[in-house]
Structures are given as structure tokens and as C-alpha cells.
1. Does TYR319 satisfy being in a loop (DSSP other than H, G, I, E, B), within 23 Å of PHE25 (Cα to Cα), out of contact with any Asp or Glu (no Cβ under 8 Å at 6 or more places or on another chain) and among the hydroxyl-bearing types (Ser, Thr, Tyr)?
2. Restricting attention to segment 2-34, report how many residues are surrounded by fewer than 22 Cβ atoms within 10 Å (Cβ to Cβ) and within 18 Å of the chain's Cα centre (by Cα).
3. Which of the residues belonging to segment 98-112 are touching a residue at least 60 places away in the same chain (Cβ under 8 Å) and outside any loop (DSSP other than H, G, I, E, B)?
4. Based on this model, can you work out whether LYS142 counts as of a type in the set (Lys, Arg) and either under 25 Å from GLY280 (Cα atoms) or surrounded by 20 or more Cβ atoms within 10 Å (Cβ to Cβ) (or both)?
5. Confirm whether ILE302 is surrounded by fewer than 21 Cβ atoms within 10 Å (Cβ to Cβ), within 30 Å of PRO53 (Cβ to Cβ) and either among the aliphatic types (A, V, I, L, M) or in contact (Cβ under 8 Å) with a residue 24 or more places away in the chain (or both).
6. Does segment 284-293 contain at least one residue that is polar (S, T, N, Q), at pLDDT 90 or above and touching a Leu at 6+ places or on another chain (Cβ under 6 Å)?
7. Starting from segment 368-379, take each residue that is more than 14 Å from ALA318 (Cα to Cα) and list its partners that are of a type in the set (Asp, Glu) and assigned to a loop (DSSP other than H, G, I, E, B), counting only C-beta distances under 7 angstrom and pairs at least six apart or across chains.
8. If I ask for residues that are part of a helix (DSSP H, G or I), among the β-branched types (Val, Ile, Thr) and in contact with an Asp or Glu (Cβ under 7 Å, 6 or more places away or on another chain), which ones from segment 22-52 would you list?
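The values are calculated or read from the model by the stated rules, or taken from the named source; none is laboratory data. For clarity, every value in this text was computed on a predicted model and none was experimentally measured. Don't worry about glycine lacking a Cβ; one is built from the backbone with ideal geometry, like all the others, and counts go over all protein chains shown.
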Amino acid sequence: MHEFKYIKNDLYCEDLRVSEIAASFGTPLYLYSHKTLLDHFHKLENAFRDVKPLICFSMKANSSLAVCKALIKEGAGLDIVSGGELYKALHIGVDPRKIVYASVGKTASEIESAVSNDILFFNVESMPELEMLNGIATRLNKKVNVSIRLNPDIKAKTHAYIRTARSVDKFGLDYRSCRELFLCSDKFANLNLVGLHIHIGSQIVDSGPFVKAITRAVSLIRELRKKGVVIQWLNIGGGLGIVYHQERPQSASEFASKVLPLLKKIDIKIILEPGRFIAGNSGILVTKVIYLKEAPSKNFIIVDAAMNDLMRPMLYGAYHEILPVYDSSREEFTADVVGPICESGDFLARDRKLSRVQPGELLAIMGTGAYGFTMSSNYNSRPRSAEVMVINSRPYLIRKRERYEDLISSEVIPDCLQ
């Protein structure tokens, strides 16, 4: 559920009219509900309260400072995948002992920064990474906690680009390689190999793949413990799906009811890395209709948001519900909702039945709180949008709209071209 609802004919974010917020801050506009964000975090926290997990919000889903700060104030940690995310996480004051760091391609400088700041865990995905991490930890005279990422060879039912746990995917290590690494952990004098990590993909609505992956992880932990290897932590990743269209995803409590019996069989500390489940339905993208275009075989609603603002429809063929910000009784028609970018792939919806809106009216693209702004770009030299969060009945600007001057602020023309 979320806090975007109609009161009479007006779409509201919590108790504020979306139209009035857009009038104040302009469009395109990412708009977040603070209440929705925290509600979904607490649903997971309550569902797993029996094992008291560390819930590390996945910054790749939404790395806006205010979003992450709101969650760490509630006790969340952060799951990071880059040096930039580490920088932002530390900037907002997260406890480094609540940071876990994934990514198959951590650079030496990124690793050094994270080691120097004493983060909780590196989720290591290959032997070369483990060797580099040990070398850096030795040079810095640090003892570093490591979780080995197990690739359980599970095919989750989701888009191929966001599956991460098949044997052909780039992520993690197979069962046998994980076992061998733990058994030779004494070769890495400055590393504590005390955790196992799994993450099977994103937007997964069925508990079955999670149960299979966790079962394999538990089996490996038991096998290793029999050989004297101490595994203290299990990171079960994230990937819980949300409703975009006709999905029927599991609730936090339904998910917990399936996996907690497995987790309770072993005495171990638990980490979760949700992103979309917490942030997805907390945000919308508000856009203004510029033109209506009627072609012989197609109608187009041309809006001021584009694929640079929201990549998911073009990249994944993803469906986002689109609602009129003012919903009055009028005829419907079928149209593509498209942006101004010079690409045929610049669409936000195709063959969508919508109210016959007029130029100047606003549309709300729902479920864009995760993998929305964080994937946006300046393609076609378009400034990125503003972000606003409603907190306690007040709209706060949490990211300024980029200006044309921002587009050239980091560019340099060599003297020889002057």
C-alpha cells in the first residue's frame, strides 16, 4: 500500500495535493511519501522481529540522501555497491558498522576507502577480489569482515537483466568454490571469513526461489560448521517484488513465514538488503502533458518526462501505472505516453487506455521510488528533475532541479580549441 490516493478528483500525496506541489516545484518531478517509505521498512522489521535482522537498505534502488537518511534514522543500515555510494552513506552519518558492500568489480581505491572506514562486511564475489582485499587490509593493518557471495544457481521468475543467481550470471561463486574458500580461509591473515551472502535477483514475487537459495545456503553453513569453520552471519539479500501492474507479490509477513523456519534452524545473525520493497511505492514521477498527437495508426501523449528521467520502461519493458493528477469523468482513449527524446525507445507506456487528458494537465507515473531517479541521466542534454518529499504535511525539496549551467560545469575545452 502507499499514501498516494484520490480525494474527490484530486490525487494526493499523504494529505497534500500533488497538483499544488507540482505548481510549486515544476515538472518533471519525483515526489516521495515519507510515511510510505517508513511503513514498508517497518513491515519488514516487524515480520522478521524473531531473528532481529540488520536491514540494510539497498542504495542502488534510491541513493537520494534524504531517502537514505530517513531510513537510517529508523535504524536501517545501507547496502552499497560503489565508492560513490560509500561516500554518500558516510556523508549522511550512517554507522559504518551498518554498511555492507557488494559489487563484482570493486576497485583498489574503493576497497581501501571502505577498509579505512571500518565497514561491517565486504560481500566478496571472486578469488581475485578476495586476494586484493587481503592485500589492502594487510597494508593498512586492518582485520576485515568478509561474506562470500554464494551463487546458488537459481532461476527466479523475473526479467533476465535482473536475475543474479544463475550459474551463467557474473555474480558470486558456485557452491564448491565457496566451500573451498572457507576451508582455506587461514591463507588470508587479515580477513575474517565469517559470513555467507546470497542475492538472487530483483522484483521476485514468489517465495519459492528464495526458499531454494536459503536452503542451499543453510546446507553449506552446516557442512562448513562440521569442518570447524565458524560462520556467524547469513545475508539473504533482497529482491522482494512489488505491485506495478497485475503482480501478486508476497507481503513481508508472508515472505517471513516461508523463510524464518529455515533461518531458525541455524544459530546465526541475519542481514537483509531490500531496496524496491521499501522505496518502490513511496515515489511517483509527476509529468506535464505537452502535446496530443494523432497519427493514422496511433495516438501519442507527449509529456515533459522522458526515458532519461525513467529508464525502466525502455530498458526492461517495465509497466508503470499512469494516473491523471486530476481525475474527472471523461472518455478514455488508447495512446502511447512518450517523451521528447530523439529515440523510438523513449516511451513511458505503450497502448495504454487513459483519460483523454489535455495539454497542460498532469500525469502521475506510479511506483517510481526505486530505480527511478537513481537511473536517470542527462541524455539529450536534459537537466535531471527535482525531488521532493512530503514529511508531516509539508513538501521538502530534497534535490534541486538541474540547470543548463550544471550540464557544462565539469566540462573543459582545451586551449588549443579556443
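1. Numbers: in a loop (DSSP other than H, G, I, E, B): yes; within 23 Å of PHE25 (Cα to Cα): no; out of contact with any Asp or Glu (no Cβ under 8 Å at 6 or more places or on another chain): yes; among the hydroxyl-bearing types (Ser, Thr, Tyr): yes.
Judged against the criteria, TYR319 is not a match.
2. Selection size over segment 2-34: 1.
3. Listed by number, the list holds a single entry, VAL100.
4. Numbers: of a type in the set (Lys, Arg): yes; either under 25 Å from GLY280 (Cα atoms) or surrounded by 20 or more Cβ atoms within 10 Å (Cβ to Cβ) (or both): no.
Here the answer is no, as LYS142 does not meet what is asked.
5. On the way: surrounded by fewer than 21 Cβ atoms within 10 Å (Cβ to Cβ): yes; within 30 Å of PRO53 (Cβ to Cβ): no; either among the aliphatic types (A, V, I, L, M) or in contact (Cβ under 8 Å) with a residue 24 or more places away in the chain (or both): yes.
So ILE302 does not fit the description; no.
6. Here is the first cut: in segment 284-293, the residues polar (S, T, N, Q) are 287.
Filter once more, keeping what is at pLDDT 90 or above: 287.
Add one more test, that the residue is touching a Leu at 6+ places or on another chain (Cβ under 6 Å), and what stays is 287.
The answer is yes; a qualifying residue exists.
7. SER376/ASP309
8. As a first pass, look at segment 22-52 and keep what is part of a helix (DSSP H, G or I): 22-25, 34-47, 49-51.
Within this subset, residues satisfying the condition of being among the β-branched types (Val, Ile, Thr) are 36, 51.
Result: THR36, single match.
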